[in-house]
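Values quoted throughout were computed directly from the atomic coordinates according to the rules given, and no laboratory measurement underlies them. From a predicted model like this one, the values you see are computed outputs, not experimental measurements. In this analysis, Cβ positions are derived from the backbone assuming ideal geometry, glycine residues included, and neighbour counts consider all displayed protein chains.
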Amino acid sequence: MPSEAITAAGTWTLGDRTVNRMGFGSMRLTVRADPTAAIRVLRRAVELGVNHIDTAAFYFSPGGIIDGEPGAVRYATELIRAALHPYPEDLLIATKVGPGPLPDGGWGRAATAAQLRFQVEENLRRLGVDTLDLVNLRIAGDAGGESLAERFGALAEMRAAGMIRQLGISNVRVEHLVEAQRIAPVSCVQNSYALDLRRHDDLLRECGARGIAFVPFFAIAGGAREAGAAAGNGPAARIAAERGVTEHQVRLAWTLHQGEHVLAIPGTGDIAHLEQNVAAGGLRLTPAELTALDQPAR
C-alpha cells in the first residue's frame, strides 16, 4: 500500500509508464560490503510505493554475500535483483551507461559505441531481464561542446532491437538534449541539481517545455556532492525547524516544487532516512517559504 506522502507527490508518465515522482537512487546502497541492509532498504522502498529506482552500470562495492554466495564485486543492479526479482509490474528501473566496465575487464570513463553494448548486456544480465526499462547515456566530466550523436545513436539502435524501452541522457547541456532528440525520443534528463546547485536551471526549464522528465541527482547533497549535505543555518534550516521536519526533507520538497516534470531520486542505505525522504513528498511549501529558499541561490 503506497504511503500517503508518495501519493501526494504526484506522478509523471515516462513513455508508456506512470511513476511516482518520489523515487529512489541506488548509488549509496553500495557503500557497505554487506548487502543485507541494502536489500531491506530496497524492499521497504517498494512497500512505501516507490516504483522508480535509479541505478547504473558503474555503481558497485567490494565483497559481500547475496543468498549465501560470496562475490568479489557486488553491483547495485545485483542488489536490486536479489531484493526485488521477480519485479512488481509497475516498477521502472532506470540505469546509466557510459563510464564503467569494458569487455576486456578494464574500466573506461567514456565507453565507445561498441563498448556501450557490452554495458547494456551486463545490465540485462545483472538485473535478470530481457529488456531494460530506461537507459541514460551518462557523459563523464564536463561534456562541453562534445557530440553525443554516435553513442546515443548506438543506444537508439539497441532500443530498436528491443533491448531497451526508453532512452535518457545524463550530465548534459541543452544542446545535447536538442542533438539527442533528433536521433530518438528522450524520456528524461538526469543532471546534478539542488537548492544550492542551480547551474542547470535552463535545462530544467527546457525539459518542462518539451514534456521531458528532469531527474536531479545530489538533490539533498547539493554542492557537497558525494560528501552529503551538512546542516546549515540558512532558510532551509529555519523552515525545517518551524515545520518540525529535517533540512533534507525541505530540500526534497523544494526539488518537487520546481515543476510537475521533476522527479526526485534520493538515495540512502538506511531505512529511517528512506522513510523520511518518502515523507517529504507530502510536504507542501508556502509561496513565502519558496521565495525565502530561492533568494540565497540567485
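A few points about this structure:
- Rg to Rh quotient for the chain, alpha carbon positions, Kirkwood Rh: 0.95
- Spherically averaged projected area in nm², based on the convex hull that wraps the Cα atoms of the range 72-206: 9.3
- In the range 89-139, GluC sites (Glu not before Pro) in a DSSP loop with at most 15 other beta-carbon atoms within 10 Å: Glu89
- With each label modelled as a point 7 angstrom along the Cα→C-beta vector, the Arg198-Ile271 pair spans 3.9 nm.
- Candidates Ser170, Ser147, Ser26, ranked by Gaussian network fluctuation over the chain, Cα under 10 Å, top entry: Ser147
- Taking amide H as placed 1.01 Å from N in the peptide plane, Gly267 has its amide H under 5 Å from the amide H of Gly25, each at least 5 places away in sequence or on another chain.
- Remark: the range 4-297 carries a charge dipole of roughly 120 debye about the Cα centre, counting +1 on each Lys and Arg Cβ and -1 on each Asp and Glu Cβ.
- Each stretch of four or more DSSP H residues adds -39500 (n - 2.57); spread over every residue of the chain, this sum gives -10500 deg cm²/dmol at 222 nm.
- Long-range amide H partners of Asn191 with built H, under 5 Å: Asn171, Val215, Phe217
- Rounded to whole numbers, the Karplus 3J(HN,Hα) couplings from phi for the range 195-202 are 3, 10, 9, 10, 5, 10, 4, 5 Hz, using 6.51 cos²θ - 1.76 cosθ + 1.60 with θ = phi - 60°, and x at Gly and Pro.
- Sparse packing (at most 14 other Cβ atoms within 10 Å of the Cβ) combined with a DSSP loop state is found for the following trypsin sites (Lys or Arg not before Pro) in the range 81-128: Arg109.
- The slack in the chain from Arg44 to Glu175, taken as 0.36 nm per residue of separation less the alpha-carbon distance, amounts to 43.3 nm.
- The string of couplings for the range 282-287 from the Karplus curve (6.51, -1.76, 1.60, θ = phi - 60°) is x, 8, 9, 8, 7, x Hz, one whole number per residue in order, with x for Gly and Pro.
- Relative exposure of His200, His257, His52, judged by other C-beta atoms within 10 Å (fewest first): His257, His200, His52
- The chain: antiparallel DSSP beta bridges as a percent of all, rounded to 5: 30
- Each of Leu285, Leu127 was scored by other Cβ atoms within 10 Å of its Cβ. Listed from fewest to most, they are Leu285, Leu127.
- Per DSSP, loop GluC sites (Glu not before Pro) in the range 231-283 with at most 14 further Cβ within 10 Å: Glu260
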